[in-house]
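Q: Sharing a structure, written as structure tokens. Questions coming.
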Amino acid sequence: MNKIKKAIIPVAGLGTRFLPLSKVLPKELFPLVDKPVLQYIIEEAIASGVEQIIFVTKPEKKEILNYFQRYFKKSPELTEILKKRQKHEILKELNQTEKISEKISLSQVFQKQALGDGHALLQAKEKIQGEPIAALWGDDVVESKTPCLLQLIKVFQEYQKPVLALCRIPKERLPYYGVVRVEKIKDRTYKIKQIVEKPSIEQAPSDLAIVGKYILTPEVFEYLSKGKPGKGEEIYLSENLQKMIEDGKEILGCEFEGKWLECGNKLSWLNSHLYLTLKDSRFGPKLKKELKKYL
Ligand code: UTP
């Protein structure tokens, strides 16, 4: 039960907060500096020891399929053109991206209708064969020294229980997230006593919000399988984790060390994009000068 070799990345959501742009470009492929958001998440998984990634996508999301089928594949024609044009730097970047496919096996399953994040995970059940796995949302990036997922894996290795990534956020943002009531086990590790989805500021049980990165055990999938759709037609992971807590199961939280770069809505994505671009040595110094003109 120790190694986490597989990660599920669900990317079949509607992305309504990015409409109308998300009608033609899935939010998971928006750029952060000059790479798609999804690539940061794949790199995090690789750096955390994951060997196999299963995307949950849907047939209409052609751009995701293209990304999946073409982005990491070798492109001899482009390589030839870049060589002829002596564009060595660009060629180097291209090669680095193509090398990712040597480090990891990528596969996909489909979620035909967007019936919730828990429903999306269930579509990959056959592929995980009763192993504990990582689940990483396609729009949550964390900048950290130790990859965020690896921090969760370390907690899992010690306790062998499901682990959620937690981040402290300002009070006024709590009503937009899943927020947890916790009992501290040790530094940055908590037992989760309750999950409250989108609480009012007054009802929020703490300032710890759930970030879209998890270690899930086979038992979580049993709950998802029997879980009837929640409030609407959908099956949500957090509702099922809350049911597990009510049944006396232990769920843990890891308050990771690092900066949460949210990319799930327009303002947070713009913020994350600007933050990383300003920090990038290739663009930051020049961009700062340009920005001074406008501020
Ligand atoms: P979100 O909660 O951000 O939902 O999903 P969403 O539908 O993508 O976006 P909004 O709320 O309408 O703006 C978190 C992750 O789960 C995936 C999303 O693609 C995202 O990576 N997801 C969500 C699915 O794969 N299927 C679903 O039915 C719902």
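The values are calculated or read from the model by the stated rules, or taken from the named source; none is laboratory data. Please read these numbers as outputs of a predicted model, since none were measured by experiment. Glycine gets a Cβ as well: all are built from the backbone with ideal geometry, and neighbour counts include every protein chain shown. To get the accessible areas, we keep the full protein, side chains included, count just its heavy atoms, and leave off ligands, DNA and RNA. Shrake-Rupley method; radii C 1.70, N 1.55, O 1.52, S 1.80 Å.
Q: Take Lys154 and decide whether it is within 16 Å of the ligand (Cβ to nearest atom) and basic (Lys, Arg).
A: Details: within 16 Å of the ligand (Cβ to nearest atom): no; basic (Lys, Arg): yes.
Answer is no for this residue.
Q: Quick one: Tyr40 ticks every box in (1) within 23 Å of Asp140 (Cβ to Cβ); (2) within 14 Å of the ligand (Cβ to nearest atom); (3) at pLDDT below 90 except a single one, so which number is it?
A: Just one mismatch for Tyr40, condition (3).
Q: From the list Arg181, Arg173, which one is of a type in the set (D, E, K, R) and part of a strand (DSSP E or B)? Break it down into steps so the answer makes sense when it comes.
A: Details: Arg173 fails: part of a strand (DSSP E or B).
Testing whether each residue is of a type in the set (D, E, K, R) and part of a strand (DSSP E or B) leaves just Arg181.
Q: Name the single residue, out of those in the range 62-72 being touching a Pro at 6+ places or on another chain (Cβ under 9 Å) and farther than 17 Å from Lys112 by Cβ, that is least open to solvent (accessible area, probe 1.4 Å). Full working, then the answer.
A: Step one: list which residues in the range 62-72 are touching a Pro at 6+ places or on another chain (Cβ under 9 Å), which gives 63-65, 67, 71.
Narrowing further to those that are farther than 17 Å from Lys112 by Cβ: 63, 67, 71.
Details: Glu63: 60, Tyr67: 14, Tyr71: 82 Å².
Applying the filter and picking the extreme gives Tyr67.
Q: Taking the range 277-295 on its own, how many of its residues are assigned to a helix (DSSP H, G or I), without any contact (Cβ under 8 Å) to a residue 60 or more places away in the chain and hydroxyl-bearing (Ser, Thr, Tyr)?
A: Restricting attention to the range 277-295, the residues satisfying the condition of being assigned to a helix (DSSP H, G or I) are 277-279, 284-294.
Next, from what is left, pick out any that are without any contact (Cβ under 8 Å) to a residue 60 or more places away in the chain: 278-279, 284-294.
Still in the running and hydroxyl-bearing (Ser, Thr, Tyr): 294.
Residues meeting the conditions: 1.
Q: Let me ask something else about it. Being within 14 Å of Val211 (Cα to Cα), out of contact with any helix residue (DSSP H, G or I) (no Cβ under 8 Å at 6 or more places or on another chain) and either of a type in the set (A, V, I, L, M, F, W, C) or touching a residue at least 24 places away in the same chain (Cβ under 8 Å) (or both) narrows it down to one of Glu255, Glu262, so name that one. If you could, list the steps in order and put the result at the bottom.
A: Numbers: Glu262 fails: out of contact with any helix residue (DSSP H, G or I) (no Cβ under 8 Å at 6 or more places or on another chain).
After ruling out the rest, the residue left standing is Glu255.
Q: Open to solvent by 40 Å² or more (accessible area, probe 1.4 Å), under 22 Å from Pro26 (Cβ atoms) and not polar (S, T, N, Q): is that true of Pro59 in this structure?
A: On the way: open to solvent by 40 Å² or more (accessible area, probe 1.4 Å): yes; under 22 Å from Pro26 (Cβ atoms): yes; not polar (S, T, N, Q): yes.
Yes; evaluated as a whole, the condition is true for this residue.
Q: Could you please find all residues in the range 1-25 being part of a loop (DSSP other than H, G, I, E, B) and more than 14 Å from the ligand (Cβ to nearest atom)? If you could, list the steps in order and put the result at the bottom.
A: At the first step, the residues of the range 1-25 found to be part of a loop (DSSP other than H, G, I, E, B) are 1-5, 11-15, 19-20, 24-25.
Those that are part of a loop (DSSP other than H, G, I, E, B) and more than 14 Å from the ligand (Cβ to nearest atom): Met1, Asn2, Lys3, Ile4, Lys5, Val24.
Q: When you go through Lys161, Lys145 one by one, which is the residue that is closer than 22 Å to Glu44 by Cβ, open to solvent by 50 Å² or more (accessible area, probe 1.4 Å) and either out of contact with any strand residue (DSSP E or B) (no Cβ under 8 Å at 6 or more places or on another chain) or not basic (Lys, Arg) (or both)? Break it down stepwise before answering.
A: Working: Lys161 fails: either out of contact with any strand residue (DSSP E or B) (no Cβ under 8 Å at 6 or more places or on another chain) or not basic (Lys, Arg) (or both).
From the options Lys161, Lys145, the qualifying one is Lys145.
Q: Related question: Mind checking which residues of the range 264-289 are under 25 Å from the mean Cα position of the chain (by Cα), among the aliphatic types (A, V, I, L, M) and open to solvent by 40 Å² or more (accessible area, probe 1.4 Å)?
A: Answer for the range 264-289, where residues must be under 25 Å from the mean Cα position of the chain (by Cα), among the aliphatic types (A, V, I, L, M) and open to solvent by 40 Å² or more (accessible area, probe 1.4 Å): Leu267, Leu270, Leu274, Leu278.
Q: On the given criteria, is Leu115 out of contact with any strand residue (DSSP E or B) (no Cβ under 6 Å at 6 or more places or on another chain) and at pLDDT 95 or above? Give the steps one after another, and end with the answer.
A: Values: out of contact with any strand residue (DSSP E or B) (no Cβ under 6 Å at 6 or more places or on another chain): yes; at pLDDT 95 or above: no.
For Leu115, the condition - out of contact with any strand residue (DSSP E or B) (no Cβ under 6 Å at 6 or more places or on another chain) and at pLDDT 95 or above - is not met.
Q: Would you say Leu94 is over 23 Å from Cys263 (Cβ atoms), touching a Ser or Thr at 6+ places or on another chain (Cβ under 9 Å) and at pLDDT below 95? Step through it out loud before you land on a result.
A: Numbers: over 23 Å from Cys263 (Cβ atoms): yes; touching a Ser or Thr at 6+ places or on another chain (Cβ under 9 Å): yes; at pLDDT below 95: yes.
When the stated conditions are applied, Leu94 passes them.
Q: Restricted to the range 88-99, and to residues that are in contact with a Leu (Cβ under 9 Å, 6 or more places away or on another chain) and open to solvent by 30 Å² or more (accessible area, probe 1.4 Å), which residue is nearest to Pro26 (Cα to Cα)? Quick ask: steps written out before the conclusion?
A: Just the residues of the range 88-99 that are in contact with a Leu (Cβ under 9 Å, 6 or more places away or on another chain), to begin with: 88, 90-91, 94.
Then keep just the ones that are open to solvent by 30 Å² or more (accessible area, probe 1.4 Å); that gives 88, 90, 94.
Details: His88: 30, Ile90: 25, Leu94: 22 Å.
Applying the filter and picking the extreme gives Leu94.
Q: Restricting attention to the range 43-60, report how many residues are of a type in the set (S, T, N, Q) and within 12 Å of the ligand (Cβ to nearest atom). Even if it seems obvious, please write down each step before you answer.
A: Quick first cut of the range 43-60, residues of a type in the set (S, T, N, Q) only: 48, 52, 57.
Add one more test, that the residue is within 12 Å of the ligand (Cβ to nearest atom), and what stays is 57.
Total satisfying the criteria: 1.
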